[in-house]
Amino acid sequence: MKFLQEFINKWFWQPKIHQEGYNVVDTTVYSLIFVLAVFLVYKYFLKPKLKKKEICFDKTFMIALCGWVLSASGLRVLRDLNFYETYWLVSPGISFVIFIPCILTLFLSLKLGKKQYYKLWGLVGYAFAFFNILKLPLNNIPGFVWVISIISGWIILFSFLKRKFSKFLTSWNLGAIYAHLFDATATFVAMQFFGFRELHILPTFLINQFGPWIMFPLKLSVVPLVLYLIDKYSENENDKKYLKIIIIILGLATGSRDLLLLLSS
């Protein structure tokens, strides 16, 4: 028991207390928990709803879901700025803090709204996000403008590339690529111009070797490859869309958190 306490303290609690970033041990454990949660949610909750056609992975679903992603990002930044001190608002705790009301609200919305469930579900998510973001100070408008300008350039570029690679650059794939370019842009601007630091293991290693700009080729090499493999080997359309939703969430959550923290610093 003492060994277990020392192990948890060394690899999980102390890095959080001292804001040291992630390490190999906690990254591995959190990744396994995340993969398991993604599988269980889909198999035992979302997939039955999809079969009954109670929900549909479409544009309205994604728009509603984004409100909950922004809620998580807003809460995380409030924790970064010491509005709150609980470690439940640091990974992986914040995932449960948002996931539980998100799923419960979706379930309630399906009961009340039926085919238009996404309206109530999205409204609650965006209201929660607005409530959190409203508390944030607006101290760094130039940083915000930098991020928006660069990501706008990427969107313009891919709007031209879509004409040539229309078969691959579908709305879902573009959404995933944009989400991760958004994350890369926010990370690049924050570190290159405003002295922020990266917390995750692989990006930290690469940034230390090459600089913050490496986030762009990293995202542009990994994300399209993963999307290609999903399209090639996943036969069920809902399975494909669900995996792409997860990819979008991973990019959008970290990107919006970085942008809000940059804006507030």
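The values are calculated or read from the model by the stated rules, or taken from the named source; none is laboratory data. Note that this is a predicted model, so its numbers are computed, not measured. A quick note on method: Cβ atoms are made from the backbone with ideal geometry, for glycine too, and the neighbour counts reach across all protein chains shown.
Computed values, structure above
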| quantity | calculated |
| --- | --- |
| Where a residue in the stretch 44-62 is without any contact (Cβ under 8 Å) to a residue 24 or more places away in the chain and its partner, wherever it lies, is surrounded by 15 or more Cβ atoms within 10 Å (Cβ to Cβ), with Cβ under 8 Å and at least six apart | C56/L50 |
| Conditions (1) surrounded by 15 or more Cβ atoms within 10 Å (Cβ to Cβ); (2) under 26 Å from N173 (Cα atoms); (3) in contact with a helix residue (DSSP H, G or I) (Cβ under 8 Å, 6 or more places away or on another chain): number failed by Y30 | (3) |
| Check on F12, outside the structural domain of W88 (by TED's automatic domain parsing), at pLDDT below 80 and farther than 20 Å from L199 by Cα | no |
| I230 more than 18 Å from L70 (Cα to Cα) and without any contact (Cβ under 8 Å) to a residue 60 or more places away in the chain | yes |
| Residue selected from the stretch 208-265 under the condition in a loop (DSSP other than H, G, I, E, B) and closer than 26 Å to K53 by Cβ, by the criterion modelled with the highest pLDDT | N236 |
| Tally, over the stretch 70-96, of residues that are touching a residue at least 24 places away in the same chain (Cβ under 8 Å) and either assigned to a helix (DSSP H, G or I) or of a type outside the set (V, I, T) (or both) | 16 |
| Criterion (among the polar types (S, T, N, Q) and exposed (fewer than 13 other Cβ atoms within 10 Å of the Cβ)) met by exactly one of N23, N82 | N82 |
| Residue among I156, I151, I177 that alone is in the same structural domain as Y228 (by TED's automatic domain parsing), exposed (fewer than 12 other Cβ atoms within 10 Å of the Cβ), at pLDDT 90 or above and among the aliphatic types (A, V, I, L, M) | I156 |
| Evaluation of I103 against (1) in contact (Cβ under 8 Å) with a residue 24 or more places away in the chain; (2) out of contact with any Cys (no Cβ under 9 Å at 6 or more places or on another chain); (3) under 12 Å from L260 (Cβ atoms) (one fails), failing number | (3) |
| Qualifying positions in the stretch 72-101 - of a type in the set (S, T, Y) and at pLDDT 90 or above | S73 |
| Some residue of the stretch 160-181 being part of a helix (DSSP H, G or I), of a type in the set (A, V, I, L, M, F, W, C) and farther than 30 Å from K232 by Cα | no |
| Complete set of residues in the stretch 134-159 that are closer than 25 Å to K240 by Cα and not aliphatic (A, V, I, L, M) | W154, F158, S159 |
